[in-house]
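Shown next, in structure tokens, is the structure this report addresses.
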Amino acid sequence: MRRARRRAPRASGTRRRPCADGERRGSPRSGKCREQLAINLFTPQYWPTLELFGWRETGERLRQLVRENRRDLLSAQIHDEMLDVLVPTAGWDDLARVLRERFDGLASGICLPLPLDAADDPALARVIRELQE
């Protein structure tokens, strides 16, 4: 089994810190990144990933919040370092390269949400073409 990287690769010279879908951290989509991670990570099947980084207690805390029906508190358990490690970070120009470096040989597909701003649609189309090459 490959050892997980401690840090997600970052594009050099990029001023913005967008999520894998080209949205900036702190944007509405960034909140969605936290929500999705929280929903996945409360499930024990994902805890081996958390254990690699010493975060198993976060998974246990998430599971307890779900059991207590306190789902509104889940996203707050996902801290910035978790986003940095678990969510690839790059601007549109570097996104395909970062995803390829991160997942080549590990994943057979990647799901990318549609951009919040339709003006970014051509950039997403370019990323998809680059990943398909």
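So the values come out like this:
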| read-out | value |
| --- | --- |
| The stretch 119-133, subset of a type outside the set (A, V, I, L, M, F, W, C) and surrounded by fewer than 10 Cβ atoms within 10 Å (Cβ to Cβ), residue nearest to residue 36 (Cα to Cα) | 132 |
| Residues located in the stretch 25-53, provided they are modelled with pLDDT of 85 or more and outside any helix (DSSP H, G or I) | 42, 43, 53 |
| Those residues of the stretch 119-133 which are assigned to a helix (DSSP H, G or I) and farther than 24 Å from residue 85 by Cβ, in sequence order | 119, 120, 121, 122, 123, 125, 126, 128, 129, 132 |
| Residue check, residue 127 in contact with a Pro (Cβ under 6 Å, 6 or more places away or on another chain) and not small (Gly, Ala, Ser) | no |
| Positions within the stretch 74-118 being open to solvent by 60 Å² or more (accessible area, probe 1.4 Å), in contact with a Leu (Cβ under 8 Å, 6 or more places away or on another chain) and either assigned to a helix (DSSP H, G or I) or among the charged types (D, E, K, R) (or both), in sequence order | 100 |
| Hits in the stretch 61-73 - residues which are free of Cβ contacts under 8 Å to residues at least 24 places away in the same chain and either surrounded by 15 or more Cβ atoms within 10 Å (Cβ to Cβ) or part of a loop (DSSP other than H, G, I, E, B) (or both) | 61, 63, 65, 68, 69, 70 |
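The values are calculated or read from the model by the stated rules, or taken from the named source; none is laboratory data. Quantities reported herein were computed from a predicted structural model and do not represent experimental measurements. For neighbour counting, all protein chains shown are included, and Cβ atoms are generated from backbone atoms with ideal geometry for every residue, glycine included. To get the accessible areas, we keep the full protein, side chains included, count just its heavy atoms, and leave off ligands, DNA and RNA. Shrake-Rupley method; radii C 1.70, N 1.55, O 1.52, S 1.80 Å.
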